[in-house]
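All of the numbers you see were taken from the coordinates with simple rules; none came from a lab. Only a predicted model underlies this, so the values are computations on that prediction, with no experimental measurement involved. Positions of Cβ are backbone-derived with ideal geometry, glycine not excepted, and every protein chain shown enters the neighbour counts.
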């Protein structure tokens, strides 16, 4: 089982990877038709909101004691799964 700090670092790394990928995908939007751009931009906004919520959740975990952070781990894992699913769906527009 990961420690709290290891868990936060792992999740932070995933967020950093997704943020970098979003930047690359965002650059390709310019090449898409106008209607597609609006849909893609709307999805990007939703993903960014989920990313911000994930970052906030990591801050919450960091502020918890070693004994209590496990209580919010399930909520964080669910948030991560939703963010991951959004990224998969978003990537599908570019393949």
Sequence-separation-based contact order of the stretch 4-94, relative, with Cα cut under 8 Å and 6+ spacing, percent: 42
Per-residue Cβ neighbour rank within 10 angstrom, fewest leading, 87, 1, 44: 1, 44, 87
For 73, 37, order by how many other beta-carbon atoms lie within 10 Å, fewest first: 37, 73
